[in-house]
Amino acid sequence: MNTLVKEEKLLNYINGEWVAATKGKYVPVTNPANGEKLVDVPLSSHADVDKAVEVAKKAQKEWALVPAPQRAEMLYQVGYLMKERKEHLSRLLTMENGKVLEEARGEVQEGIDMAFYMAGEGRRLFGHTTPAELNDKFAMSVRAPVGVVGIITPWNFPIAIATWKSFPAIIAGNAVIWKPATETPMMAYELAKIFEEAGLPKGVLNVVFGSGSEVGDAMVEHSSIRVISFTGSNDVGRSVAGKCGQQLKKVSLEMGGKNAMIVMDDADLDLAVQGIVWSAFGTSGQRCTAGSRVIVHENIKQELEERILHEMDQITIGDGLDETIKMGPIINQSGLNKIQSYVEIGQDEGAKLLAGGYVLDEGDYANGNYFAPTLFTDVKPDMRIAQEEIFGPVLSLIPVSSFEEAIEVNNSVAYGLSSSIFTNDVNQVFKAQRDLDTGIVYVNAGTIGAEIHLPFGGTKGTGNGHRDSGQAALDVFTEWKAVYVDYSGKLQRAQIDVD
Ligand code: UN1
């Protein structure tokens, strides 16, 4: 048994109390590296969501009246506690998610950065002041909290994405109902404990564990939850958006990518190979931002292939708690099945498999969910392996003969999250950042590694126009309010009494 997880069963966190879910049903959470059971997570019901919303409504009214700089004090405290517990949180994260420890530390750091960044917003939360069109009249816009907001977070970045959503919501004066992914509940449990210790008033943050079909649905359907911020699959996101649309509920979606790295024939290939391998096989390819296509100039295709293969050979695979390991397991069996099925699809489509393509299940790998790093080449842009999100360590090389073709291939997918280009031609750099149609563009680096003070999200099938993190996150969790103060003492009619 591991010693990091003290609890046998997790409890929901509602109104500042740890309470059992009403139905009394649980599912086990296992470590994807070795199949070891970590904890049981409750499957809550509509009734638990209703309870959480009732207390959140009350708590939010008071929280909204706390001056934002004071709300920030609590968030600074959350940041300090996360910092103090960084190693503990990182190890737990590796155990429940499988990502290697170095990456887990990076993810926890992303959450710490977000705490201090959003705490700073407590002294900004800027609106605008602007001249009024009439004399003796003052005009400004201010950000107002929306009320009770719902956040639904995925297992692949269980703490960072939770901070992208909950911290701006809370600093802006909202109360939160949070449904974490059932695969990775320990991060939610730990973060809720940190909020509790930091002194967040009861009911401002409520964690309800459970399935998307029951808890997620109850949140989406609840008329008192006025915003849903969702990160997850495209299918679920579309259904969430449809239901929210019916209720005129604000919904912010982030639903993945089919991100490409362009390598031009003047690129620094050493750098390109490192960036490609890190983006494709880091986190075992289980990032929304993972680079799963390389669009390569035909002049350097063969050399790049050889160099990528060489670098792939250096990837050590196993339990991420072992610091010599570079790539951890896949989250679960259904993830493995999906990856395996895409390898078959790629072969049927006529792509050439250069490496990997199989499940690792012998010896030390027997009890975990491991997939070999996989490389396809001579992939055509319209093949399914070049169009659909695989969410695993599978990379496709697509040869092209010009810069223009590279841009066109990049933009030919239904998603628009991240893209990158390796080139030393300054003209191509500026054309690429203009013409690549994704929400994130990297130059001379891979597709992953977004920083928290910039907007995170994408175009087309990746989302619906909103962004996580950065200033943009405040737009999701606030309403703009235009305020006019007429101090003329007489009736002044806008657009009419203007001379
Ligand atoms: C995700 O894959 O959903 O930019 C988030 C990155 C990380 C976050 C990824 N900072 O790769």
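Annotation: of all residues in region 6-29 being under 30 Å from ALA372 (Cβ atoms) and touching a residue at least 24 places away in the same chain (Cβ under 8 Å), the one that is surrounded by the most Cβ atoms within 10 Å (Cβ to Cβ) is VAL29. For region 270-295, the set of residues classified as open to solvent by less than 20 Å² (accessible area, probe 1.4 Å), away from the ligand (no atom under 15 Å from the Cβ) and aliphatic (A, V, I, L, M) consists of ALA272, VAL273, VAL294, ILE295, listed by residue number. From the list PHE376, PHE391, the one residue that fits, being within 30 Å of GLY461 (Cα to Cα), assigned to a loop (DSSP other than H, G, I, E, B) and touching a helix residue (DSSP H, G or I) at 6+ places or on another chain (Cβ under 8 Å), is PHE391. Here GLU389, GLU479, GLU404, GLU408 are screened, and the one residue that is within 13 Å of the ligand (Cβ to nearest atom) and open to solvent by 30 Å² or more (accessible area, probe 1.4 Å) is GLU389. For ILE452, the stated conditions hold: it is within 16 Å of the ligand (Cβ to nearest atom) and farther than 30 Å from SER334 by Cα.
Just so you know, in region 415-431 the residues that are surrounded by fewer than 23 Cβ atoms within 10 Å (Cβ to Cβ) and of a type in the set (A, V, I, L, M) include one that is farthest from the ligand (Cβ to nearest atom), and it is VAL426.
Among the residues that make up region 321-328, is at least one of them open to solvent by 10 Å² or more (accessible area, probe 1.4 Å), modelled with pLDDT of 95 or more and not in a loop (DSSP other than H, G, I, E, B)? No, the conditions are met nowhere in region 321-328.
The values are calculated or read from the model by the stated rules, or taken from the named source; none is laboratory data. Since this is a predicted model, take the numbers as computed values, not measurements. Don't worry about glycine lacking a Cβ; one is built from the backbone with ideal geometry, like all the others, and counts go over all protein chains shown. Only protein heavy atoms, including side chains, enter the accessible area calculation; ligands, DNA and RNA are left aside. Shrake-Rupley method; radii C 1.70, N 1.55, O 1.52, S 1.80 Å.
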